[in-house]
Amino acid sequence: MNIKTKCLILTLVLVITMATDISHGLRTQLSDSDNVRVVMVVISRIDLDDLEKMPYVRELIDKGSIALMNTRASGKNSEFKSYATIGWGTRAEASHATSCFHGIDDKTGPIYERRTGKKMFENGIINLDINKLVVQNLNGEYGAMPGILGQVLSENGYKTALIGNGDVEDVRLTPAGLIAMDLDGHIHSGDISDKLIKKDSTRPFGLKTDYKLLLDKFKEEYLSSNLIVIETGDTIRLERYKENLRPEIYEKHRISILNEIDDFIRNVVENLDKKDAKLIIVTPYPSDKAASRGDRLTPFIIYEGNDGEQVLYSKTTRRNGIVGNVDVAPTVLSYFNLTSDKMTGRVLQSVPQQNNLNYIRSLNRRVVNTSTQRYRVLYSFAVYQIIISVLALILIIFKNRLPVNWYKYISLALVGNMVVPFVLLLMPLFGVTNIVITYLLLLTITSIVILVIYSISEGNPLNVILYTMSLLVLGLLFDIVSGQNLIKNSLLGYDPIIGARYYGIGNEYMGVLVGAVLVLTTVLMERYHINKYVPIMIYGLVAVIVGFPSFGANVGGTITAVIAFLFVSVRLLEKKINFKRLVYMGLAAIFAVGSMALIDLFVVKNKSHLAGAINQIISNGPVIIYQIIARKVAMNLRLMGVTIWSKVLLSAVVVLSILFYKPIGWFRKISIKYPKLALGWSGIIVACIIGFAVNDSGTVVAAASVIFLTSTMLYLIIEDLGRKQ
């Protein structure tokens, strides 16, 4: 046997051995997945306080993982949409009419075939309105794919089952089917019939879930199904019957129902395979009582038989203890070693946390407090900003006719406009939950900061602006790169309950940062005649921080910052702004976003929503771009009609327009006196226009930026007039 033959034989042996090992590993992996059982118990309309009435669930929390779940869906929220979002991993559309499921029989079969043109399944549960559901989501904001969780499981040989309902009298309530169904609206097996409900004259609608029969059905399905969704139902009935009950009777029913569900869960866990079973307890939607107090995040629990207190972490939110309803479906798939590029949610991870329930309670109080106080405080600040700007304008128009002291007071108040965003950034450090104390603390700290700035400014108005902007910009940049711990909890930050953003720099502070940076850099040049390349380097640094996936991760903010900063940079370099340079600015913004996208996709470990959007575009095509643009336009149109920030923006436009035309010469005079600062003001105008156009809450971005244009300009004019009196 020659050497070549020996080498060939040796190579074949190695290949066969490696193939055998890979095949064995693959078979082991598939075998492990085949044994997995995911049991999802649905208890809608409960909150964290209700868990105290469920002693066994409380024990599971001590041994498992808990989080607060955001229940936001596509468009206006509803219970049905949240069920759908849980099942499809993308914010979804659904309604009562498209959430009704039926057992397959001689009556439903012909209807399904007539509507879909597909042959009816031999058994299981079906959604007869699947066509309407698909159209709803095609026309929705996020283009969710109805039934994707069940479809991926089915394509890989796994079975889904649905047990239970929330039916009341003649109203059919089976939205839990949205979680388990496939693309055809089909669920392999289960029971959603009236047999699972028994009559009880003491209960809402005279009905209650038969938990003994529900448990028997679960035991049957556990032998043959991989994903079993169980709708407990009674909490839904109670909420729908609530208006007929006195508060104490409502609470009595609630305690009884929760105790029964708690016992049912105990029985379910006793029948689980401790090695391969996963128990998920999910609340798709909050109770009316909880929602009325702003408590819209619902409890979400995963128990895997592990021993140790944990909270859940989501890359969607980048927060320990807060997850999205979009994260549930990807997490279920992960138990079977499966994924889907049709989902925007991320797989949940468990993080050790002592006293996990207390941690979640504290987190919930903080979030609810921020959410409930946010509107009132920001509304007050916006009204204050409008009033002070108008009063300053009146002083300018009626100069020499009003008392001299007025100039001093309005001057201080205008500085307050610029200081408040910095104080709102600091407020989370004090942990205040009372709204009155919040107002008092905001007023006190703002006053102290203003007095300190005036005391060290040596009477120079440029120093006042310089120190104010320095505090704000440095404070924001430090917080952004250190994890956004202040921004996440600031009233000027973002609200996890709304769920528009969970990390990075939000649109409010993004607008503030861009406006403040433009003023800071140009007032530095005005005050100290620094080299013009220093501001340009600062612009580059800030743009990177705003857009970098691990820091700001704000795509609209990146575009806004890049174009506004380039505009000012070109003017600092004494170049003319022409069409060609405007095109270059646009291309630079595209390049910046593209660079951040590549870093997000291939470099950073924790992917941001930018990487998610890119993956969605790659997977589903350019239609995703259209959906994103349509969503942003729709959001802007909605905000323009309801937010106080639109009034701030409008008042700023009016004030600046009047300053431009009359009193004659003031706008031009102040720009000539402070030519470098005037360049910063022009950059803010550009930032307002671009920010309004490319952000889903562009009104907020523009209003937050323009504060630093109107406040600094009016302040300098008032100071100038005050000195002449």
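What does the charge dipole of the chain about its Cα centre add up to, to the nearest 20 debye, if the Cβ of each Lys and Arg holds +1 and the Cβ of each Asp and Glu holds -1?
Charge dipole of the chain: 3260 debye, to the nearest 20.
If you take every DSSP beta bridge fully contained in the chain, what fraction is antiparallel? Give it as a percent rounded to 5.
So the antiparallel bridges amount to about 50 percent of the total.
Rank-order 202-213, 436-447 by packing density, defined as the average count of other C-beta atoms within 10 Å over each peptide's residues, highest first.
Top to bottom by mean Cβ count within 10 Å: 202-213, 436-447.
Just order 481-491, 89-99 by mean Cβ neighbour count inside 10 Å, highest at the front, would you?
89-99, 481-491
Per DSSP H run of at least 4 residues, take -39500 (n - 2.57); add these up for the chain, divide by its residues and hand me the 222 nm value, nearest 500 deg cm²/dmol.
Rounded to the nearest 500, the figure is -20000 deg cm²/dmol.
Would you mind ranking TRP681, TRP666, TRP88, TRP406 by Cβ crowding within 10 Å, fewest neighbours first?
TRP406, TRP666, TRP681, TRP88
Where does each of THR372, THR316 land when they are ranked from fewest to most other beta-carbon atoms within 10 angstrom?
THR372, THR316
Taking Cα pairs under 8 Å and at least six residues apart, what relative contact order does region 372-724 come out at, in percent?
26 percent
Pick the calculated mean projected area of the Cα convex hull in nm² for this structure from (i) 51.2; (ii) 61.7; (iii) 41.4?
(iii)
Find the relative contact order for the chain and round it to a whole percent, using C-alpha pairs within less than 8 Å whose residues are 6+ positions apart.
RCO, the chain: 15 percent.
Using the count of nearby Cβ atoms within 10 Å as a rough guide to exposure, how do TYR359, TYR715 rank from fewest to most?
Ranking TYR359, TYR715 by Cβ neighbours within 10 Å, fewest first, gives TYR359, TYR715.
What aspartates and glutamates sit close enough to LYS53 to cross-link, taking a C-alpha to C-alpha distance under 12 Å and skipping anything fewer than 8 places away on the same chain?
Leaving aside aspartates and glutamates fewer than 8 places away in the same chain, those within reach of LYS53 are GLU251, GLU260, ASP262, ASP263.
Give the separation of the Cα centroids, region 102-158 to region 284-312, in Å.
Here the two parts' Cα centres lie 29 Å apart.
Among the lysines, which fall within straight-line cross-link reach of LYS580, defined as a Cα-Cα distance under 26 Å, with same-chain neighbours fewer than 8 residues apart omitted?
Within the straight-line cut-off, LYS580 pairs with LYS532, LYS676.
Using Cα pairs under 8 angstrom and six or more residues apart, how large is the relative contact order of region 275-326, in percent?
Here the relative contact order equals 29 percent.
Among the lysines, which have Cα under 22 Å from the Cα of LYS217 when same-chain residues fewer than 8 positions away are ignored?
Of all the lysines, those that pass the test against LYS217 - Cα under 22 Å, at least 8 places apart if same chain - are LYS159, LYS195, LYS198, LYS199, LYS208, LYS274, LYS275, LYS278.
Each reported figure results from applying straightforward, stated rules to the coordinates on display, with no laboratory input. Quantities reported herein were computed from a predicted structural model and do not represent experimental measurements. For neighbour counting, all protein chains shown are included, and Cβ atoms are generated from backbone atoms with ideal geometry for every residue, glycine included.
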